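Reading through the structure tokens given below for one structure.
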Amino acid sequence: MPRFATVPIGPYHPALKEPELFKLKVEGETVVDVDIRIGYNHRGIEKLSESMTYHQITFLVERICGICSNIHPLCYVQAAEAIAGIEPPERALYIRTIIEELERIHSHLLWLGIGAHIIGFDTLFMWVWKIREPVLDIFEAVCGNRQTYAMMKIGGVRRDIKEEHTQMILKIMDETERATRSVINMVLEDPVARARLEGVGVLTKEDARKYCTVGPTARGSGLNIDARKDHPHAAYDLVDFKVPVMTEGDVLAKTVVRLEEILESISIIKQALDAMPSGDIATEFKEMPPGEGVGMAEAPRGEDIHYLKSNGTNMPERHKIRAPSYMNIPSLKPQLMNYEIADAPIIIASIDPCFSCTDRITVVDARDGKSKTLSWDELVYLSRRKTRRLK
Amino acid sequence: MDVADIGVMLLNLLVYPGFVFTAVMGLLFFWLVRKLLARFQWRVGPPIYQTFADVIKLLSKESVVPENANRFMFVAAPVFALAAVTLAMLLIPVGAKNPAFGFIGDIIVLIYLLTIPSVAIIIGGSSSANPFGAIGASREIGLTIAYELGLVLSVLTLCVDANSLLVESVTGFNFLKYPLAAVALFICVVAKLGITPFDIPEAKTEIMAGPYTEYSGRLLGIFKLTHAMLLFALSSLFVSLFFAGPFTGNYVVDVLVHLVKCVLVVVVIAVVAAANPRLRIDQALRFFWGFVFVLALIDFMRALIPVLGW
């Protein structure tokens, strides 16, 4: 009987909604080593983007991820605007902020539901998703789609937020705020939920810094970083908001950070609706001069960066995307070590990993990565094959 | 024992209150749990025939036995579990003071029979040659060790009180006398059924389906059926031990009253399942050996002290 057993979580596993593989080496129920393999979701979007026109790419990057389907277009148009030197009108900036915060609310609620499902709290899962539903209704009313909103456009936004939308958003935000507060109480006061989340999957501040984590994962470990404050984009420098930071670093801290972010987002949306000036929603974008541009925004999972290099034609020469989960996934190793298998799914979920965003990144150094992730069995197989060939 | 006696016994075993009756009631109760859970969660929930359809579908499908599994153990485990629950129903009174088939010391046999499904899950999981099965089996061992203590102690409380090991003399409306033992037994019943917050062995978001991971087709169907029958058997046992009577003398009315009480127990089980997330195995162990044990022990001492004459 070997001392260690290997328990695979993924590539297909009920707790993961997307295919990735976490190989847990366990001693009894305790995790002693972790092997993380990503790349099951690679679709070659960066390469594809180099063969598309600037307007088409907005819709291509929207399809990187289903949950944060606004953050990639937002980053991309900011990068493109940086090259072209376009200033979007102020109303467009406010609309971008509102859409971005609505997305954060629905993404965090979705995450909370999945987290509750993972710890077996299916009632909370269903309730939270019921709260999330009206937020998607807003998207449907404002953008015409519940997901993949297609709102961003180089130079501004594609659709305006009309007066009747404002009333609807304000009403739903009030309801969401009340419901979120009761959910916060439910999570914090339920002794069993607390027992499952508190002190589990601790990421120390040093590790959080060392592994370059971003977003709520970093903020749950005491790192006060937020692209909305540190690199203000859209209308974030025009509204007033706090960045919730917790120092415990456990799953509970990350949960609380996300829940408080929902409340902050609601407040941002209300301020933005109030302060939004009337006027145009887009500036004209005619041609792209040669140059380089970077766009960054705070996705629900952390800082998202798009780098764009133009050579003056109608297609970019290089388009590089760095999604937040790419930074957060390696930090799972210190988080998972020495905890139990029962804790592993909620710890993995606690960084809110978005694999479809991540995988399109790993291809950049696929050759290095591949040689590194060969397992012992595969090496033995390769060596045997070589022997056979030599015979 | 002549032919007629054997015939009656076979009828008891296979039809009432044994296999057929328990299976139908168990599947109905299981549907009730699922429906109530769904309503608590703002879902629609399954139609009333869903659990029957599930089991019939599984029973008509092929079972795959993994290549590396211990074939005999793997196939025998669900059959043992089903047989044990069917037999146990002969010893659990339904709407009466005495069970279908009682003898001196039957309560000990009953406790053993009710442990066999857990043991079968352990055997099935560990013989399936699957890491999830092995982990599920080890969790089931942990959970069984955790709840058996409280379960046995609370049943024993009634035995000491009645000064008898006959199921017949133990049943009655004992709730007012020993409420703490009743609560302890109820929690143990929820754990034995593997319902949230104690669905630790088959925690699907952690270890797929735990011991059931490699099971499919008929064998899985038998396990599911056993699980449903166990729901009825355990809620019946709980009602008979703590909420039985008063009896009207009309057997049909008594059985119906018994079933209504069982439904109430199942409703409470569904509420508990809806209101709680899943515990971790070490937390469950601490809970059972701490809180539940103390509850059961207090009532056990209350029963024991007059008997010992302290």
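What follows draws every value from the coordinates through simple rules; no lab data is involved. Quick caveat, the model's predicted, so the values are computed rather than measured. Heads up, the Cβs are rebuilt from the backbone with ideal geometry, glycines too, and the neighbour counts pull from every protein chain shown.
Here each label is just a point 7 Å from Cα along the line to Cβ, and for B:V109 and B:V15 those points are 2.2 nm apart. Residue pairs exceeding 21 angstrom between C-alpha atoms, taken from B:K61/B:K224; A:K17/A:K47; B:K35/B:K224; A:K254/B:K204; A:K17/A:K320; A:K17/A:K242: A:K17/A:K47; A:K254/B:K204; A:K17/A:K320; A:K17/A:K242. If you take the square roots of the eigenvalues of the alpha-carbon gyration tensor of the stretch B:177-310 and sort them as a ≥ b ≥ c, do you get rounded (a/c under 1.5), prolate (a/b over b/c) or oblate? Oblate, because a/c is 1.5 or more while a/b does not exceed b/c. Going from the fewest other Cβ atoms within 10 Å to the most, the residues A:W127, B:W42 appear in the order B:W42, A:W127.
Per residue of peptide A:119-131, the mean number of Cβ atoms on other chains within 10 Å of the residue Cβ is 6. Decide, for the stretch B:19-119, between rounded, prolate and oblate: order the square roots of the alpha carbon gyration tensor eigenvalues as a ≥ b ≥ c, take rounded if a/c falls under 1.5, and otherwise choose prolate if a/b is larger than b/c, else oblate. Oblate, since a/c reaches 1.5 and b/c is not below a/b. Let me make sure I get this right: for the stretch B:164-230, a, b and c are the square roots of the gyration tensor eigenvalues over alpha carbons, sorted descending. Under 1.5 in a/c it's rounded, otherwise prolate if a/b > b/c, else oblate. Which is it? Cα axes put the stretch B:164-230 in the oblate bin. Cβ crowding within 10 Å ranks B:T115, A:T176 as B:T115, A:T176, fewest other Cβ atoms first. What relative contact order, as a whole-number percentage, does chain B give when Cα pairs under 8 Å and 6 or more residues apart are counted? The value is 28 percent.
Taken residue by residue and averaged, Cβ atoms of other chains lying within 10 Å of the Cβ of B:268-281 number 5.
With a Cα-only, solvent-free Debye model of chain A, what are the log10 I(q)/I(0) values at q = 0.07, 0.12, 0.13 Å⁻¹? These q points yield log10 I(q)/I(0) values of -0.34, -0.94, -1.08. A Förster radius of 45 Å, combined with the Cβ-Cβ distance separating A:N311 from A:T30, puts the computed FRET efficiency at roughly 0.25. Peptides B:228-238, A:28-38, B:88-98, ordered by how many other C-beta atoms sit within 10 Å of their residues on average, highest first, read B:228-238, B:88-98, A:28-38. The Cβ shell under 12 Å around B:K192 holds other residues with a net charge of -3, Lys and Arg each +1, Asp and Glu each -1. Could you tell me the distance between the Cα centroids of the stretch B:1-58 and the stretch A:1-66, to the nearest Å? Distance between centres, Cα-based: 42 Å.
Only one residue of B:A273, B:I123, A:H72 has its Cα farthest out toward the positive end of the dipole of the protein assembly as shown, where Lys and Arg carry +1 and Asp and Glu -1 on Cβ, and that residue is B:I123.
Look at where the Cα atoms of the stretch B:80-94 and of the stretch A:200-224 average out, and the two centres are 54 Å apart.
On full extension, the segment bounded by A:A275 and A:T204 gains 21.6 nm, given 0.36 nm per residue less the C-alpha separation.
Charged neighbours of A:D230, selected by a Cβ distance under 10 Å, balance to -1 (K, R count +1; D, E count -1). Per residue, the convex hull around the alpha carbon atoms of the stretch A:300-349 comes to 89 Å³. In a Gaussian network model over chain A where Cα atoms closer than 10 Å are linked, find which of A:H55, A:H72, A:H106 has the largest mean-square fluctuation. Per the Cα network of chain A with a 10 Å cutoff, A:H55 tops the list. Gyration tensor analysis over the Cα atoms of the stretch A:82-206 returns equivalent ellipsoid semi-axes of 33, 19, 12 Å (largest first, whole Å). Hey, how many Å between the Cα centroid of the stretch B:147-167 and the Cα centroid of the stretch B:259-310? When both Cα centres are located, 13 Å separates them.
In terms of other Cβ atoms within 10 Å, B:D54, A:D304, B:D5 run from fewest to most in the order B:D5, B:D54, A:D304.
Once the C-beta distance of A:M337 and B:Q283 is scaled by a Förster radius of 22 Å, the resulting FRET efficiency is 0.65 to the nearest 0.05. Among B:A77, B:A162, B:A53, the largest mean-square fluctuation in a Gaussian network model of chain B (Cα springs under 10 Å) belongs to B:A53. Here the contact order of the stretch B:170-228, divided by its residue count and restricted to Cα pairs under 8 Å and six or more residues apart, works out to 15 percent. P(r) tail, the protein assembly as shown: Cα-Cα pairs separated by more than 33 Å, 57% of all pairs. Relative to the longest principal Cα axis of chain B, at what angle does helix B:179-192 sit, 0 to 90 degrees, rounded to 10? The helix B:179-192 is inclined about 20 degrees to chain B.
Taking every residue in B:198-210 and counting other chain Cβ atoms within 10 Å of its Cβ, the average works out to 5.
Rounded to the nearest 10 degrees, the angle from helix B:50-59 to the longest Cα principal axis of chain B is 60 degrees. Nearest 0.05, what FRET efficiency do B:V255 and B:L304 give at R0 = 45 Å with Cβ-Cβ as r? Calculated transfer efficiency: 0.85.
What residues from the stretch B:217-241 fall in the zone where the backbone N is under 14 Å from a label point 7 Å along the Cα-to-C-beta line of B:K61? In the stretch B:217-241, the label zone of B:K61 (backbone N under 14 Å from the point 7 Å along Cα→Cβ) covers B:217-225. Once the Cα atoms are used to define both axes, helix B:106-126 deviates from the longest principal axis of chain B by about 10 degrees. In the frame of its principal axes, chain B has Cα extents of 58, 50, 41 Å, reported largest first.
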